[in-house]
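The values are calculated or read from the model by the stated rules, or taken from the named source; none is laboratory data. Just so it is clear, the model here is predicted, and its values are computed rather than measured. For neighbour counting, all protein chains shown are included, and Cβ atoms are generated from backbone atoms with ideal geometry for every residue, glycine included.
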Amino acid sequence: MNDNQEIGPIPSEPKERRRHPWLAVLLSLLLPGLGQVYCGKIINGITIMFIVAWFPFAWMMATLKTQEVTMSMTLFFLGIALLAMVVAAIDAYRQARRIRPEYRLKDYNHWAVYAILILINTGASFGYAGFLRDRIIQAFSVPTHSMYPTIHSGDRILAGKQAYLRADPQRGDIVLFPNPQERKQAYVKRVVALAGDTVEIRNDRLAINGEPLALEPVSSDTAALPHIAVSGQIFWENNGTARYKIFLGEPKEEKSRTSANFGPIVVPPYHCFVMGDNRNFSSDSRHFGPIAVASIRGKFTYCYFPADDWSRLGPLE
């Protein structure tokens, strides 16, 4: 053998590095399945990622089919997704504990690969969230008291965007639509009359087609609105098959209330008449006229974060 013969570079041995169980759990919480990838189980990890991503998709398809967002269905799919995430984290912890300390790193055991997987998942989540907001469900924080006592100022409520794809609004529905006088502003009001109905208000009493709606006092106590000097009475208003609460209050300054008299007017075709439940303090169809049914963007059905009293958490009356 020639002593001067050059010897090529010696191939490097695969790197060995211990897998840390709690790091596997952390990665799994950041992205379910990533803890398995960290432990060298890339097939298991990718499978878990797809399984967890399937639950929001299944919820969306169920919502599109029923055309209604129900809290029970939402909680069901959310609970299953959270359970899958917990199971994935526990499995990642056990996988890391079973691996020998001299674990040989795979090509994909690199922070850049983990970051790419997280970015892909984040991008998909943002796209999914945008689709949900535009087509399925949207959350709103209510800044006014115009729908008191049903909705209080500061309440956070949900609007289902599928409610009127194959159905028309009905009396009593609480609807989402753009303010006709400021299109960028979202409004929440209650439908009280439909196309062809004659609407009239005399001395704060709403009449549909010449018949004053029946009012039932909720209690003999007065109710005071927050932040404004108003007190009055809460009533149940019976409007066809719909029954809901309204508030009739008197301010200290008469000029700050809505007029006690209105109409009569006939609601034109393909329109509906909307009012706030806080009848004397609401900008509604008495000010900007009936709204086009085509302009309605959704139906409010649920208060998920009440501003003051947690007993109001749940479906809107």
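Do we have any residue at all in the stretch 241-248 that's polar (S, T, N, Q) and not in a strand (DSSP E or B)? Yes: one or more hits. Of all residues in the stretch 269-284, none are assigned to a strand (DSSP E or B), assigned by TED's automatic domain parsing to the domain that holds N209, at pLDDT below 90 and touching a Ser or Thr at 6+ places or on another chain (Cβ under 9 Å).
Would you say V192 is under 25 Å from the mean Cα position of the chain (by Cα) and buried (at least 20 other Cβ atoms within 10 Å of the Cβ)? In short, yes.
Each residue in the stretch 66-91 was checked for being in contact with a Phe, Trp or Tyr (Cβ under 6 Å, 6 or more places away or on another chain) and either over 17 Å from Q138 (Cα atoms) or at pLDDT 75 or above (or both), and 3 pass. Selection over the stretch 165-189 of residues that are among the aromatic types (F, W, Y) and over 17 Å from the mean Cα position of the chain (by Cα) gives a count of 0. Residues in the stretch 258-294 that are more than 18 Å from L176 (Cβ to Cβ) and polar (S, T, N, Q): 4 in all.
Looking at this structure, is G130 at pLDDT 85 or above and not aromatic (F, W, Y)? For G130, the condition - at pLDDT 85 or above and not aromatic (F, W, Y) - is not met.
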